[in-house]
Amino acid sequence: MRSEKGITLLELMLTLTILLAIIWTLPLLMSAAIQNSGADFQQEEARLFFHLFSKEVREATQIILSKGSIELTKKDGAIVKYERYGSSIRRRVNNTGHEIVLQDIRDFKVQISGRRVMIEVDLNNGKTEKQVSFQMS
């Protein structure tokens, strides 16, 4: 019996087919992973915004709602204003500064009922996020 130490044409073709299949699907998988992480990032950014907003509502001594913005007066007299700025929500203190707290939004709505503040944000990814906060001061 003779020992053969090479690869056959059939083995070579099978190996190349498997390699090409892997190379072809890899970019598709990477693209899907990148798109999903972008949506997750926007959700996380919205959660952080709602956390900051709720904290400031709880600590506010006075809340004034005006067209397209909400003003929260803090205990030290500083006025924190949240307003729509293009496709973002920005935060300003005493009408100075320019802190973007949430990006890529379609709409921004705030409703006040007594000490209850409801905020609703429509994100560019098609999801709507809502948060209800209560003024404690």
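Values computed for the structure shown
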{"quantity": "Output for the range 106-137, where each listed residue is aliphatic (A, V, I, L, M) and closer than 20 Å to LYS55 by Cβ", "calculated": "VAL110, ILE112, VAL117, MET118, ILE119, VAL121, VAL132, MET136"}
{"quantity": "SER31 exposed (fewer than 15 other Cβ atoms within 10 Å of the Cβ), over 21 Å from MET118 (Cα atoms) and among the small types (Gly, Ala, Ser)", "calculated": "yes"}
{"quantity": "Scan of the range 91-135 for residues that are over 16 Å from VAL80 (Cα atoms), touching a Lys or Arg at 6+ places or on another chain (Cβ under 9 Å) and assigned to a loop (DSSP other than H, G, I, E, B), ordered by number", "calculated": "ASN124, GLY126"}
{"quantity": "Flag if THR96 is in contact (Cβ under 8 Å) with a residue 12 or more places away in the chain and β-branched (Val, Ile, Thr)", "calculated": "no"}
{"quantity": "Of all residues in the range 35-51 being surrounded by 15 or more Cβ atoms within 10 Å (Cβ to Cβ) and within 16 Å of MET118 (Cα to Cα), the one that is modelled with the lowest pLDDT", "calculated": "ALA46"}
{"quantity": "Boolean, GLU56 is in a strand (DSSP E or B) and either in contact with a helix residue (DSSP H, G or I) (Cβ under 7 Å, 6 or more places away or on another chain) or not hydrophobic (A, V, I, L, M, F, W, C) (or both)", "calculated": "no"}
{"quantity": "Search result, residues across the range 2-30 that are among the polar types (S, T, N, Q) and modelled with pLDDT under 85", "calculated": "SER3"}
{"quantity": "Where LYS75 falls short, out of the listed (1) outside any strand (DSSP E or B); (2) out of contact with any Phe, Trp or Tyr (no Cβ under 8 Å at 6 or more places or on another chain); (3) basic (Lys, Arg); (4) surrounded by 11 or more Cβ atoms within 10 Å (Cβ to Cβ)", "calculated": "(4)"}
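The values are calculated or read from the model by the stated rules, or taken from the named source; none is laboratory data. Given the structure is predicted, the values throughout are model-derived calculations rather than measurements. Note that we place each Cβ from the backbone using ideal geometry, even for glycine, and neighbour counts take in every protein chain shown.
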